[in-house]
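The values are calculated or read from the model by the stated rules, or taken from the named source; none is laboratory data. All of these numbers come straight from a predicted model, not from anything done at the bench. Positions of Cβ are backbone-derived with ideal geometry, glycine not excepted, and every protein chain shown enters the neighbour counts. Only protein heavy atoms, including side chains, enter the accessible area calculation; ligands, DNA and RNA are left aside. Shrake-Rupley method; radii C 1.70, N 1.55, O 1.52, S 1.80 Å.
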Amino acid sequence: MLIREAAADDWPRIWPFWHRIVAAGETYAWDPGTSEDEARVLWMNPAKRVYVVEDDNGSVVASAYLTPNYGGPAARIANAGFMVDPDQGGRGYGRALADHLLTEARAAGYWGMVFNAVVETNPAVTLWTSLGFTILGTVPDAFEHPRHGLVGLHIMYRAL
């Protein structure tokens, strides 16, 4: 696999799994009806450093972004978003991308990373805790999951 910074022309290869994941309404607090143009602005925003994972065939199978979570005197706390093509899960792409982003965040001078809204039923919670993230708190019944009903949103943090 190859992990690299994304280029603008990677978006058409990210969009199919981005749309599939967000439209499912199970793991992101973004509108499941987000249009492609709106999604591009959310994900590929110039304020974010965006990365992709290519498999051995050169297909984009995952993407992530890194950005400051806050501004001003708190700008050294990072935020990130991760998506792995659901057809490519369980192959280590998410863990490799997470390790890469944690390294990139440290190199960029961030002191910590926070996830503001991790759906508590998201299988990635296991990945984040295995990478040293802790759950600082949970906003109860904050997310309307299509299968589980109302579930909490975790706020997770890790020092870098």
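Look at Leu101 and say whether it is touching a residue at least 40 places away in the same chain (Cβ under 8 Å) and either more than 18 Å from Val52 (Cβ to Cβ) or not hydroxyl-bearing (Ser, Thr, Tyr) (or both). Judged against the criteria, Leu101 is a match. Using the structure shown, decide if Val125 is under 20 Å from Ile21 (Cβ atoms), surrounded by 20 or more Cβ atoms within 10 Å (Cβ to Cβ) and of a type in the set (Val, Ile, Thr). No, not satisfied.
Among the residues making up segment 66-89, those that are touching a strand residue (DSSP E or B) at 6+ places or on another chain (Cβ under 9 Å) and more than 17 Å from Pro16 (Cα to Cα) are Leu66, Thr67, Pro68, Asn69, Tyr70, Ala74, Ala75, Arg76, Ile77, Ala78, Asn79, Ala80.
Annotation: of all residues in segment 41-56 being touching a residue at least 24 places away in the same chain (Cβ under 8 Å) and under 14 Å from the mean Cα position of the chain (by Cα), the one that is surrounded by the fewest Cβ atoms within 10 Å (Cβ to Cβ) is Arg49.
Exactly one residue among Gly132, Gly109, Gly152 is open to solvent by less than 30 Å² (accessible area, probe 1.4 Å), assigned to a loop (DSSP other than H, G, I, E, B) and not hydroxyl-bearing (Ser, Thr, Tyr), and that residue is Gly109.
Every residue in segment 112-129 that is among the small types (Gly, Ala, Ser) and either in a strand (DSSP E or B) or at pLDDT 95 or above (or both), please.
Listed by number, the residues that qualify are Gly112, Ala117.
Output yes when any residue across segment 139-147 is open to solvent by 40 Å² or more (accessible area, probe 1.4 Å) and either touching a Phe, Trp or Tyr at 6+ places or on another chain (Cβ under 6 Å) or in a loop (DSSP other than H, G, I, E, B) (or both), and no when none is. Yes: segment 139-147 contains one or more residues that are open to solvent by 40 Å² or more (accessible area, probe 1.4 Å) and either touching a Phe, Trp or Tyr at 6+ places or on another chain (Cβ under 6 Å) or in a loop (DSSP other than H, G, I, E, B) (or both). Filtering Arg20, Arg13 for residues that are open to solvent by 40 Å² or more (accessible area, probe 1.4 Å), in contact with a Pro (Cβ under 7 Å, 6 or more places away or on another chain), among the basic types (Lys, Arg) and touching a residue at least 40 places away in the same chain (Cβ under 8 Å) leaves a single hit, Arg20.
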